[in-house]
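K.L.:
Right, I'll just put the structure down here and ask away after.
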Ligand SMILES: [Zn+2]
């Protein structure tokens, strides 16, 4: 070890050599950069795992090169290894390392960003033995938080933080390491600001340096002279960090990251990423001149007094010297159908001097107007009386208009200020057309419609809510029920409206229904629908046994990640992407009071897009099923043309990424509520990570969304009542032709049945037999009961009103208490009105 | 090298999918000891099959009990006493590297636990730097450990065992930092093997016959190799391998984690040549870990992490 140290020191610059720190002899540490490869992908494509590794390598170098520490061990050294948790602690324990520190960052919403230290703690609250992780966490969290310049959640025992269901500690690295240990979370890789900085090489040295200082402080070793200066260069007006700024200090120059130097690794959009971060070390403890220049900005010169105890932070705001231009306008130039009643909107590239713009602005032909400014005086909304329809207009902002810092408007975009912005457009015709019914569900004249449909009526423009009166809609069961009870809801989505009708009770199987929209619906201009509209459908008779996965009524935060928490989520605009609960847009077919709302923003320039709305825990994750089921969810669509799908984990309990399977994509071309089902028995799957086969035991993984290029880049989708269905009766498409003409009770199949007679399927579900029966004519009350040979009731399988039809029911060999019954002969008996029949079956265990 | 490895791997894969032979569970697991409030883990059979040694959470402390779970007795409460402990060949003693912590420093020492005399003996002084683990030489007389620079040999003061297989008896294996070393106890000479150059080896497990070793590569797969460095077999993903008494099979675990917690783990058996891979446990709610194969060949002891308890299950071929 001595020999190695000497060699390393020989190649160090003199300043580092003179900073030799003593006091760590007899001590060593195992550094554990959390995760592997590119795991825990952060916002904009830079992963937690990559950051953690570079922080750990920098800390290792610092300790080996500047101190007398015995040695530093590390759990991984490159981005290729995939190191399991057990290997990390096995390696540290095998080496008998004196200390264990795990380096991480956190995931959450786009706005969250704070530090956290987690030391090993038992469920009873005591610190893990050997002690020490708690004591070192205090200096680490203090220095790390100051170094990351953010807030902190503090230093917390891991059992207190997560909640332990066993003796603890909670985190594997705390639980299985034989030495004092702790884990640091240096901010959030899902936070845009933090992760753009994480991409910078020197930024990661800040994190490493704070950990280094904390180790010295914990050992009672004086901190060597610091001599660092770092900070962020931003645009004063927009607050956006400046790429390619040159900072000169003490004879050295640092250039902030640019698209060419760094960000092109993560995006194809040259304007997307910025961090404005600069860093200097080896500075003398004195006051130095700091000079900042950047293309398109006025320069800045200031003084910085370098402190000897910590990083000296100095942020600089630059003022642009590019004249303001108009970035966007509504209407766009040359628009010939601009709505006469709409507001005009002008977006400037910089903050404007309001009075100078308002004075310089004319609209001809003239009309009375008022000005509304927003977005730090960068957006102007011109509110006015309605313009004349089908008329040419010209909006002019003279070159005398000025930005906040007296740069004159560059109206023609030639790069020089002082010229006029001119916008020609023509207003369109007045809206004289009534709303148009553009889509309905069920489709007119459709058959085999589910028994609890949500009727969906979509209109091409917004309806006036006052026109949606109580009698405007009616659903009739043909000839015998003039009005089916239910609730009619109006939703406005973008510029369109949708009416959804939720029947209060399931409809009757195999019957004809007529939905009518009566005259009277109108748009905001009083254009009224004058004729009655109608659509008709026939119900099927398939019935289903339902297993709820999640009705989203409670525990949304503990059951589901937010989109950014999943490392698979990519291509999003994180500020526009979130998951929340919603109590207004809910599925009224059930007693739902809450739905899951997913807001999305897509970065159209990204190469790949996915939101993985991950089911991370709670009772829904305990539900296991197989491909004989139908996965179903109610989706409130935004009509965007983007897509969603279901994802499941296959081959449970073998947990492996390669077991992720998905449904085909469903294009969200509807607005309002729609039931979406994935019949897994039909065998159609999509392509993601898995092999496309649903061949094992399944568990729900996630709801996924993707961008369909050309579709809307932002929107909102709601989900309610995620569940599993299994057919309990086999439906028939043409009820009139095949309805049974007589009662019948058929022999069960298979018979005999039981584990000795049938092949195993799901755990505990390997005993099943099917009983088929037929009901003719009118609705009947049907009872189907299993008895043992002494005449005692084992279980009642059916006790309900049944419409005419051909039904099957399954029995799993269990009694009413869910207990398996013994091998032997059993009777099953049907009673339906006057019809009574009994048959025998044999169970073989 | 790369081609050979790939071919071996491919060979192994085809055989796994084709084969259906191998070990199967014949009796469901029986809990021996442990649970909330007194969590135990990492059971290891004594060579004579009469007892199990095990440790507590975080490898703190060392216990033994009869193989039926009765008569549990604590040998040590020291930190790290339960990591990498080893039974003596005659099943009468255990050796481990224990630790104590004073201020921020860790002190390690080699300690022998004599079950016959019911006494502990420190074989080394306490040191801040001890990157090797102690192992028994096959005669039972000596314990060896790779130290900072060289091989250190401790005399246990016990009499030598009568051994039939003299050829293998001098053979020793250990990890020299992250490399596999093979040597001879009588001369102290050893050579370092690098089956996968540049890679870090861990969890080295010599077969009872001392002809093969199993090990893991940090960030990689589990392997078996002859002690002369030939016959490398890639066994795929796997952790903490332990041999069957006949040296033909390995029992091990495959874990799933999210970087913070182990989320699932199942036990597997595989033949040393990569054939006959069989999964022994299939639970969704239990995290089975740390298997150990009994000397009669019919039982696997293991722990369930989220129960904090030690179990035994019966297997047959
Ligand atoms: Zn992490």
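K.L.:
Regarding residue A:84, is this residue at pLDDT 95 or above, within 16 Å of the ligand (Cβ to nearest atom), in contact with a helix residue (DSSP H, G or I) (Cβ under 7 Å, 6 or more places away or on another chain) and farther than 21 Å from residue B:99 by Cβ?
P.N.:
It is false that residue A:84 is at pLDDT 95 or above, within 16 Å of the ligand (Cβ to nearest atom), in contact with a helix residue (DSSP H, G or I) (Cβ under 7 Å, 6 or more places away or on another chain) and farther than 21 Å from residue B:99 by Cβ.
K.L.:
Given the conditions (1) in a loop (DSSP other than H, G, I, E, B); (2) out of contact with any strand residue (DSSP E or B) (no Cβ under 8 Å at 6 or more places or on another chain), report the number of the one that residue A:606 does not fulfil.
P.N.:
Among (1) in a loop (DSSP other than H, G, I, E, B); (2) out of contact with any strand residue (DSSP E or B) (no Cβ under 8 Å at 6 or more places or on another chain), residue A:606 violates only (2).
To keep it simple, each residue is scored yes or no on (1) in contact with a helix residue (DSSP H, G or I) (Cβ under 8 Å, 6 or more places away or on another chain); (2) away from the ligand (no atom under 16 Å from the Cβ); (3) at pLDDT 95 or above.
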residue: A:5; (1), (2), (3): yes, yes, no
residue: A:10; (1), (2), (3): no, yes, no
residue: A:17; (1), (2), (3): yes, yes, no
residue: A:29; (1), (2), (3): yes, yes, yes
residue: A:47; (1), (2), (3): no, no, yes
residue: A:54; (1), (2), (3): yes, no, yes
residue: A:72; (1), (2), (3): yes, yes, yes
residue: A:92; (1), (2), (3): no, yes, yes
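K.L.:
Need the failing condition index for residue B:229 against (1) assigned to a strand (DSSP E or B); (2) away from chain A (no Cβ under 13 Å), just the number.
P.N.:
Of the numbered conditions (1) assigned to a strand (DSSP E or B); (2) away from chain A (no Cβ under 13 Å), the odd one out for residue B:229 is (1).
K.L.:
What tally of residues in segment A:128-148 results from selecting those that are in contact (Cβ under 8 Å) with a residue 60 or more places away in the chain, surrounded by fewer than 19 Cβ atoms within 10 Å (Cβ to Cβ) and within 11 Å of chain B (Cβ to nearest Cβ)?
P.N.:
Summing the residues that are in contact (Cβ under 8 Å) with a residue 60 or more places away in the chain, surrounded by fewer than 19 Cβ atoms within 10 Å (Cβ to Cβ) and within 11 Å of chain B (Cβ to nearest Cβ) in segment A:128-148 gives 1.
K.L.:
I'd like to verify a number: residues in segment A:796-821 that are over 25 Å from residue A:542 (Cα atoms) and out of contact with any strand residue (DSSP E or B) (no Cβ under 8 Å at 6 or more places or on another chain), how many?
P.N.:
Residues meeting the conditions: 3.
K.L.:
Could you list, in sequence order, all residues of segment B:257-278 that are at the interface with chain A (Cβ under 8 Å from one of its Cβ atoms) and over 19 Å from the mean Cα position of the chain (by Cα)?
P.N.:
Once the filter is applied, which keeps residues that are at the interface with chain A (Cβ under 8 Å from one of its Cβ atoms) and over 19 Å from the mean Cα position of the chain (by Cα), segment B:257-278 yields B:257, B:259, B:260, B:261, B:262, B:263, B:264.
K.L.:
To continue, here is another question. For residue A:77, indicate whether it is closer than 22 Å to residue B:98 by Cα, modelled with pLDDT of 95 or more and within 11 Å of chain B (Cβ to nearest Cβ).
P.N.:
Spelling it out, it is not the case that residue A:77 is closer than 22 Å to residue B:98 by Cα, modelled with pLDDT of 95 or more and within 11 Å of chain B (Cβ to nearest Cβ).
K.L.:
Ok, one more. Would you check if residue A:632 is under 25 Å from residue A:768 (Cα atoms) and either in a helix (DSSP H, G or I) or in contact with a strand residue (DSSP E or B) (Cβ under 9 Å, 6 or more places away or on another chain) (or both)?
P.N.:
yes
K.L.:
Something else about it: Considering only segment B:48-125, give the strands (runs of 3 or more DSSP E) lying wholly within it that have at least 2 residues that are out of contact with any strand residue (DSSP E or B) (no Cβ under 7 Å at 6 or more places or on another chain) and within 14 Å of chain A (Cβ to nearest Cβ).
P.N.:
Where strands (runs of 3 or more DSSP E) fall fully within segment B:48-125 and carry at least 2 residues being out of contact with any strand residue (DSSP E or B) (no Cβ under 7 Å at 6 or more places or on another chain) and within 14 Å of chain A (Cβ to nearest Cβ), they are B:93-102.
K.L.:
Okay, moving on. Let me confirm something: among B:76, B:96, B:46, which residue is more than 23 Å from residue B:313 (Cα to Cα) and within 15 Å of the chain's Cα centre (by Cα)?
P.N.:
Unique residue meeting the criteria: B:96.
K.L.:
What is the one condition in (1) farther than 16 Å from residue A:702 by Cα; (2) modelled with pLDDT under 95; (3) touching a strand residue (DSSP E or B) at 6+ places or on another chain (Cβ under 9 Å) that residue A:637 does not satisfy?
P.N.:
The single condition residue A:637 does not satisfy is (2).
K.L.:
Only one of these conditions is not met by residue A:102: (1) outside any loop (DSSP other than H, G, I, E, B); (2) within 16 Å of the ligand (Cβ to nearest atom); (3) away from chain B (no Cβ under 12 Å); (4) crowded, with 24+ Cβ neighbours inside 10 Å. Which number is it?
P.N.:
All conditions pass for residue A:102, except number (3).
K.L.:
Report, by residue number, each residue of segment A:183-223 that is touching a helix residue (DSSP H, G or I) at 6+ places or on another chain (Cβ under 8 Å) and at positive phi.
P.N.:
The answer is A:187, and nothing else.
K.L.:
Then there is this: Does residue A:115 satisfy the criteria of being away from chain B (no Cβ under 14 Å) and within 16 Å of the ligand (Cβ to nearest atom)?
P.N.:
yes
K.L.:
Let me ask another. Any residue at all in segment A:114-128 that's modelled with pLDDT of 95 or more, more than 30 Å from residue B:240 (Cα to Cα) and not in a strand (DSSP E or B)?
P.N.:
no
K.L.:
Separate question: Regarding residue A:153, is this residue in contact with a strand residue (DSSP E or B) (Cβ under 9 Å, 6 or more places away or on another chain), surrounded by fewer than 19 Cβ atoms within 10 Å (Cβ to Cβ), at positive phi and away from chain B (no Cβ under 12 Å)?
P.N.:
Considered against the rule, which asks whether it is in contact with a strand residue (DSSP E or B) (Cβ under 9 Å, 6 or more places away or on another chain), surrounded by fewer than 19 Cβ atoms within 10 Å (Cβ to Cβ), at positive phi and away from chain B (no Cβ under 12 Å), residue A:153 comes out as no.
The values are calculated or read from the model by the stated rules, or taken from the named source; none is laboratory data. Please read all numbers here as calculations on a predicted model, not as lab measurements. Glycine also receives a Cβ, built like all others from the backbone with ideal geometry; neighbour counts cover every protein chain displayed.
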